[in-house]
1. Would you check if there is a residue in the range 520-528 being aliphatic (A, V, I, L, M) and free of Cβ contacts under 8 Å to residues at least 12 places away in the same chain?
2. Just the residues that are among the aliphatic types (A, V, I, L, M) and under 26 Å from residue 96 (Cα atoms), please, taken from the range 177-218.
3. Looking at residue 327, is it under 30 Å from residue 410 (Cα atoms), open to solvent by less than 50 Å² (accessible area, probe 1.4 Å), of a type in the set (Phe, Trp, Tyr) and part of a loop (DSSP other than H, G, I, E, B)?
4. Which condition does residue 342 not pass, out of (1) more than 26 Å from residue 551 (Cβ to Cβ); (2) under 23 Å from the mean Cα position of the chain (by Cα), if it passes all the others?
5. Please find, among 507, 461, 476, the residue that is on the phi < 0 side of the Ramachandran plot, of a type outside the set (D, E, K, R), buried (at least 20 other Cβ atoms within 10 Å of the Cβ) and in contact with a Ser or Thr (Cβ under 6 Å, 6 or more places away or on another chain).
6. If the Cβ limit is 7 Å and pairs must be 6+ apart or interchain, which residue in the range 400-420 that is on the phi > 0 side of the Ramachandran plot pairs with which residue that is in a strand (DSSP E or B)?
7. From the residues in the range 188-202 that are at pLDDT 95 or above and open to solvent by less than 10 Å² (accessible area, probe 1.4 Å), which one is nearest to the chain's Cα centre (by Cα)?
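The values are calculated or read from the model by the stated rules, or taken from the named source; none is laboratory data. Nothing here was measured: the structure is a model prediction, and the numbers come from that model. Backbone-built Cβ (ideal geometry, glycine too); neighbour counts: all protein chains shown. These area figures cover heavy atoms from the full protein model, side chains too; ligands, DNA and RNA do not enter into them. Shrake-Rupley method; radii C 1.70, N 1.55, O 1.52, S 1.80 Å.
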Amino acid sequence: MKVNQDTHSAFVPNLLLGMAGGIQYLKLKCASRDPRKSQEKTLRAILEYGKDTVFGREHKFSYILEAADDVELYKRYQECIKPSEYEDYRPYVNRMKDGEADVLFQGRPMLYATTSGATGEPKWIPISAAYLDKVYGKMNKVWLFNFIKNRPKVYRGYIVSVVGKQIEGYTPDGTIYGSVSGFTQARCPGFVRALYASPSAIFNIDDYTARNYAIMRMGIERNVTLVVAANPSTMVEMQHNVDVWWDEYVKDIENGTLSDKVSIPDDIRKACAPYFKPNPERAAELRELKEKYGQVLPKHFWPNLQLLTTWKCGNTQIYLDKLKGCYPDAMLHQEFAYFSSECRAGLVLDDTIETALFPHMHYYEFKKAEEFDDPAAPFYQLHELKEGEKYCPFVTTFSGLYRYNMNDILQAASPFVNTPRVHMVQKVNGIVTITGEKLYEGQFINAVNDASKSTGLALNYFTGYANLKESRYDWYFEFTDRSVSQEQAQAFAEVVDANIKKSNIEYQAKRDSFRLKDPAVFRLQEQAFDKFKQYIINATKQDASRFKPNVLAQNEERHEVIGKFVL
């Protein structure tokens, strides 16, 4: 039987996930019927979990819990705990890293998720046993079960999943830190783990070209029906790896080997060995695909792919555009959901971009986006959100975050049962201002996309930076047509500038008054984004799966780096 047609029975995963995930799905629906009641119950449970901790005693959790109803509960909660940023927690986290128990929550963390911080020093997000069980345990089963609801044949083949390195190191007290997604994938149920096209050890490969090679060399050999990768830019990179290394893949598949042309440690090669055996029949198929199509795409080597899940909201559009036409027409491309290292806030359950929040797992508060900077502006409860309005969320979790500012802008949507759903619009730090114009990243993206449509000039990549010294914006464009001149690029930038004026009256006022100078435009080298990303990763040693650059930013260091790739 041909490998790309190989299937296995989905009976066991469908049955077990249908039971475990189905039960939790019903609990989610039940909690979503009355979000006001669920949120009060959840906040009380979180405060009860943390009342005997250092933080709980300092912030009068026991007093808050004495409130007679939800209105009084929220009033006391807001009185005793102020809205917080990560730096407010760093002293507590440092105590936990040194081994102290019962600081932010009961006991000690199971692990820390590390992510970039505003100060340059990484954030260490503690993950409690309760959070690991409730959210990453129970709700992940809903996630896997939901794939079946949308595509019943999703587990008939193999899974390609791209996650971070599960163990990057250890804190002074011996607790691991790394990727939560990598940690949970390595500990998923055996019947799910058996479906992965490659072992979790490959995510310990430090060289990203080699890591991508290993993922795709094993994935392309198999009949893959599910692909999971949070960032769509990851799939763009995977396809670039395919384009460069195709012939080497085929040779490896034919011989049952893993190329020595890529840098993979011996222990990881050993872990991969059980996945290999000579497969000349599949190699012949792959050679035929190359001869027939030239550029071989996922719709060619994974024709039975049922579902791809990545982020589709926020500033991902430039990468999604590159994926158009690459995948089977019948495949569902599902939004990954509103999800961060600090909080797995919910799930997308259908073919929309809307995240159904977990009212029984987190306590959520919201400020209207336009009132985000106003300390006196009111907070809204989950049940008070209005469809179409934009809000900034503050979360309270079973992992020791209390009224934590997510620095995101969400838009409220139609409800799941009776609980408003949301989708990501952009990061708050995607709002850039030089002279008070408050230019939103989304406005810049839309202006560039509209200019591309009206001028016919396609782009592979673009980004913009605030140049405070010159009181202007610097825009960087990688045009698909390499013959585009500087004069044409300048004309294109003028269209972008005019589009932003239409969408942002403050920007127009600042431009018309010359407080904002004409934007400067720079043409980028070919594959500028890949070069930029690799440079940052090499310099910071961060995990590629967590690399999330803003399309519009005020960041002098990254501004300097992108300048290295100007024509």
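1. No, the range 520-528 contains no residue that is aliphatic (A, V, I, L, M) and free of Cβ contacts under 8 Å to residues at least 12 places away in the same chain.
2. Matches in the range 177-218: 180, 186.
3. yes
4. Tallying (1) more than 26 Å from residue 551 (Cβ to Cβ); (2) under 23 Å from the mean Cα position of the chain (by Cα), residue 342 fails exactly one: (1).
5. Matching residue, one of 507, 461, 476: 476.
6. 400/126; 403/84; 403/365; 403/394; 403/396; 407/427
7. By that ranking, first place goes to 202.
The rows are residues; the columns are (1) among the hydroxyl-bearing types (Ser, Thr, Tyr); (2) open to solvent by less than 40 Å² (accessible area, probe 1.4 Å); (3) under 28 Å from the mean Cα position of the chain (by Cα).
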{"position": "432", "(1), (2), (3)": "no, yes, yes"}
{"position": "439", "(1), (2), (3)": "no, yes, yes"}
{"position": "442", "(1), (2), (3)": "no, yes, yes"}
{"position": "445", "(1), (2), (3)": "no, yes, yes"}
{"position": "450", "(1), (2), (3)": "no, no, yes"}
{"position": "470", "(1), (2), (3)": "no, no, no"}
{"position": "480", "(1), (2), (3)": "yes, no, yes"}
{"position": "483", "(1), (2), (3)": "yes, no, no"}
